[in-house]
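Taken together, the values in this text are just the output of simple stated rules run on the coordinates, not laboratory data. Predicted model, so just to flag it, every value in this text is computed and none were measured. When we count neighbours, we look across all protein chains shown, and the Cβ atoms used for this are built from the backbone with ideal geometry, even at glycine.
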Amino acid sequence: MLTDITLGQYYPGNSFLHRMDPRAKILCTMIFIVAIFLANSLWSYLLVTAFILASIAVSGVPVKMVAKAVKPLWIILVFTLLIHVLTTPGTPLVSFGWFSISEEGVRNGILMTLRLVYLIAFSSLLTYTTSPIVLTDGIEALLTPWKRVGVPAHELAMMMTIALRFIPTLLEETDRIMKAQSSRGADFTTGNLWQRAKSMVPLLVPLFISAFRRADDLATAMEARCYRGGEGRTKMHQLLYTWRDGAAFAAVAVVTAALAGMRWFL
Amino acid sequence: MSIRVENITYVYGGGTPYEKTALSGVDLTIEKGEFVGIIGHTGSGKSTLIQHLNGLIHPTEGRVLVDGVDLAGKSREAAAKRHTVGMVFQYPEQQLFEETVAQDIAFGPRNLGCSEEEVDARVHEAMSFVGLDYETYAGRSPFRLSGGQMRRVAIAGVIAMKPDFLILDEPSAGLDPVGRREIFSQIRKWYEEGAFSVILVSHNMDDIAKLATRLLVMNHGRCILDGDPMDIFLHHREELEAAGVDVPPLTKTLLYLKGRGIPVPERAVACEEAANALAKTLKGGKSC
Ligand SMILES: Nc1ncnc2c1ncn2[C@@H]1O[C@H](COP(=O)(O)OP(=O)(O)OP(=O)(O)O)[C@@H](O)[C@H]1O
Ligand SMILES: [Mg+2]
């Protein structure tokens, strides 16, 4: 069913990672993702694996959920693997006439795919442990220094917050209208492309009408509460760095340094 | 003709932290010719239950059979059976989409593959059912109607499918008393003429007491009471209160009077009936 899609896919909890400051989480994630690309040896891959597994363990998010985040991207993963396996020249492992699979190809393919898996798995931890609203708060705070060069930090964050707020509502509404029209005999799943596009009309028209009505209501409600942009606005939930964020930064720094060391000095 | 609900359980969001069991172990049979009322507190699973009855959602456990055909099946027969159960959702006016009222009502019959004459006849019939004048409204945009009129168009859209079972989820929410009475009197008339069986979800106990021939009481995803509405209202007040619903105001008043030793017909469903009987006792036999 449509409403089963978990967007923002927050996994409620009270772990160390859940209680970290969103800014620290975003920065740590970005740093570690870059660090993943430093890994090039067996030992460095083991270190990355260990760090990711430890992070998952600390977050309290079931490994199954993390795997679920990786799964939708399997086509890209398979594609990456094949490209590397088939196109890297080197010592042939097996050959079928005009093309051969090299040892280096297999190695590169596996390592590259693994990197992508790690990247997705680690960033999924960020969205699993941070509720979308807190995440936007963090993004806004991180973008604020860039206001001076013209980045509309508050407006972007507000747009994201509103979009996030209405995605579940719209999904629910889509689900409901779909059910209502199917009970009047509408068929959304069979027929050729043209028929299917046409069958979307009874769904999209009511959906747009209600989306516009909601947007209108929201604008009125915001205006009635004197909303006038981000200037001089204070926050109900102040973002605060704590010892957790320091510890996380330290851990990421140590791992990054170790990876850099292994790459350039070993 | 019957709808058989075989021990169904339904879980929303299975396998996620938001898992919620909305129905557990509901088992019942609805026969053609019944007027079933469903009551229960907010979130008791009423809407979830009725969505099973025309195959919009399929039970996590158990089966729903219409005339012995499992609705979860993919066969043509299962699809045809689903269309014999018509459903009017809560706030159905939000599903209107066509340019004119007539076209919107024609959507269902067209999907059933009716001929143009048949579609036209059904649109006329459905509009007169909900009390909308064809000449005045057929060519108007459904989006330029009042909320109550839109509701009627939406109900007409389901009536035009000529279902054997008509399910209504809170059809009167947000309607004025006159509009409500009109719609219910039409439903009752068609029901009495044998056009369809009705399954009515409502928070309005008066409507239920007046119309239903059978009452289902839902509480936390279970069907706790099932029987004659008056019997349930008169003899199961504690269970009803525990389930977060009340008996109709009229029944409540009559029960109170009876408790004070005044002989009244506590099974009366219409105010007039009760008032007449009460006047009779008070004035020593003279009816007003
Ligand atoms: N799409 C959904 N996703 C998750 N949970 C849902 C969904 N729809 C309903 N529920 C939950 O299932 C339970 C039963 O809901 P349902 O809509 O059947 O109640 P109801 O009896 O119709 O209530 P009301 O009288 O308010 O219409 C509720 O606890 C609700 O929170
Ligand atoms: Mg409901």
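Helical content of the protein assembly as shown, expressed as a calculated mean residue ellipticity at 222 nm, amounts to -17000 deg cm²/dmol (DSSP H runs of 4 or more residues, -39,500 (n - 2.57) each, divided by residue number, nearest 500).
Working note: Cα gyration tensor of the stretch B:170-288, eigenvalues times five, square-rooted, sorted largest first, giving semi-axes of 26, 21, 12 Å.
Here is the tail figure for the stretch B:248-288: Cα pairs spaced more than 11 Å apart come to 58 percent of all pairs. Over all alpha-carbon pairs in chain B, figure out the percentage whose distance exceeds 29 Å. When every Cα pair of chain B is considered, 40 percent fall beyond 29 Å.
In percent, rounded to a whole number, the relative contact order of chain B is 21, using alpha-carbon pairs under 8 Å and six or more apart. Computed about its Cα centre, the charge dipole of the protein assembly as shown is approximately 1480 debye, with only Lys, Arg, Asp and Glu carrying charge at their Cβ. Note on the stretch A:151-224: Rg/Rh from C-alpha atoms, Kirkwood Rh, equals 1.12.
Within the set of other residues whose C-beta is less than 11 Å from the C-beta of B:E118, count the net charge using Lys and Arg as +1 and Asp and Glu as -1.
-1
Per 10 Å bin from zero, what fraction in whole % of the C-alpha pairs of the stretch B:47-122 is there, up to the bin with the longest pair? With a bin width of 10 Å, the distribution comes to 17, 39, 33, 10, 0.
Determine, for each peptide in A:33-44, B:145-156, the mean count of other beta carbons within 10 angstrom over its residues, then list the peptides with the highest first. Numbers along the way, then the final one.
Details: A:33-44: 16.1, B:145-156: 20.8.
Highest mean packing first, the order is B:145-156, A:33-44.
Springs between alpha-carbon atoms under 10 Å, Gaussian network over chain A: tell me which of A:M20, A:M178, A:M222 tops the mean-square fluctuations. Fluctuation is largest for A:M222. Between the stretch B:1-41 and the stretch A:26-99, the alpha-carbon centres lie 45 Å apart.
Relative contact order, whole percent, for chain A stands at 31, derived from Cα pairs under 8 Å and 6 or more residues apart.
Hey, can you list the DSSP H helices of chain A whose Cα span along the axis is 15 Å or longer and whose average Kyte-Doolittle score is at least 1.0?
Once both thresholds are applied, what remains is A:22-36, A:42-59, A:74-87, A:132-143.
Please work out the Cα center distance from the stretch B:53-119 to the stretch A:205-221, rounded to the nearest Å. First find each Cα centre; the distance between them is then 28 Å.
Cross-link check: pairs A:K235/B:K20; A:K198/B:K32; A:K25/A:K64; A:K68/B:K81; B:K210/B:K280 evaluated at a Cα-Cα cut-off of 27 Å; pairs beyond the cut-off: A:K235/B:K20; A:K198/B:K32; A:K68/B:K81. Counting every alpha-carbon pair across the protein assembly as shown, the share separated by more than 32 Å comes to 61%. Close amide H pairs (under 5 Å, H built 1.01 Å from N) link B:L23 with B:Y10, residues at least 5 positions away or on another chain. Set against the 2.2 N^0.38 Å expectation for a compact globular protein, chain A has a Cα radius of gyration ratio of 1.29.
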